[in-house]
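In what follows, a structure is listed as structure tokens, so that the remarks can point back to it.
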Amino acid sequence: MPTIIAFDQLVGRFQVTQNVKNQTTVEDFIDSIEKSTIIKILGATLGNEFWDDLDVDGVPQEQRFLDIYEAFDLDDNSCIKSSKGISEILLGITYAQYTRKSDSFNTDIGNQAIQGENSSRADITMKVVNAYNDAVDSIKAIQWYIKENEEDYEGYNGQDFTYWMTF
């Protein structure tokens, strides 16, 4: 089964704990949400066509799918529609969902549950919310593009993504 993103891409802005103990958990998490997110963005028919078009490296082969897979900035009258691309969307959603559902604090030395009297858990809520909302911005741009070029995207039935205010 192809995958679009991998564990070792969750670095920098989307940093999750990078260790052997955590790798399987994160990879399982990626597997559980990657295709379902594509289906939600594009709808079942078009999403499955997109997924079936991926090569072994997780890159689509048809031009219509490459057009929405890659990042773009397009003019729409008085505004600009921008997508950071499917990979960046999946990284943002994976990071946000994984971090939100984690029972412990995600650090570079592993997941930590702080219990000390003189310490408190760092609040990363806004970082997670911003990562998710940036992904939603790109999703909405892709969905706009598809609607503008509907003759190339028969079967489109993308679902609405709402912004997080907090989690």
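The values are calculated or read from the model by the stated rules, or taken from the named source; none is laboratory data. Here the structure is a predicted model, which means the values were calculated and not measured. Cβ atoms come from the backbone with ideal geometry, glycine included; neighbour counts cover every protein chain shown.
Given the conditions (1) farther than 18 Å from residue 91 by Cβ; (2) surrounded by 13 or more Cβ atoms within 10 Å (Cβ to Cβ), which single one is not true for residue 75?
(2)
Just give me the residues in the stretch 139-167 being closer than 19 Å to residue 94 by Cβ, of a type in the set (Phe, Trp, Tyr) and either at pLDDT 95 or above or under 15 Å from the mean Cα position of the chain (by Cα) (or both), in sequence order.
161, 163, 164, listed by residue number.
Helices (runs of 4 or more DSSP H) wholly in the stretch 23-109 with at least 3 residues that are under 15 Å from residue 139 (Cβ atoms) and β-branched (Val, Ile, Thr) - which ones? So that I can check it myself, show each step before the final result.
Numbers: elements: 44-52, 63-69, 86-101.
Of the helices (runs of 4 or more DSSP H) lying wholly inside the stretch 23-109, those with at least 3 residues that are under 15 Å from residue 139 (Cβ atoms) and β-branched (Val, Ile, Thr) span 86-101.
Does any residue of the stretch 66-73 turn out to be farther than 24 Å from residue 129 by Cα and not hydrophobic (A, V, I, L, M, F, W, C)?
Yes.
Can you work out which of the residues in the stretch 1-15 that are surrounded by 15 or more Cβ atoms within 10 Å (Cβ to Cβ) and over 20 Å from residue 136 (Cβ atoms) is modelled with the lowest pLDDT?
My answer is 2.
Taking the stretch 40-64 as the search range and keeping residues that are of a type in the set (Val, Ile, Thr) and under 13 Å from residue 86 (Cβ atoms), which one is surrounded by the most Cβ atoms within 10 Å (Cβ to Cβ)?
Here is the first cut: in the stretch 40-64, the residues of a type in the set (Val, Ile, Thr) are 41, 45, 56, 59.
Next, only the ones that are under 13 Å from residue 86 (Cβ atoms) stay: 41, 59.
On the way: 41: 26, 59: 16.
Here the residue is 41.
Please go through the stretch 97-138 and give me each residue that is surrounded by 11 or more Cβ atoms within 10 Å (Cβ to Cβ), basic (Lys, Arg) and modelled with pLDDT of 60 or more, ordered by number.
Answer for the stretch 97-138, where residues must be surrounded by 11 or more Cβ atoms within 10 Å (Cβ to Cβ), basic (Lys, Arg) and modelled with pLDDT of 60 or more: 100, 127.
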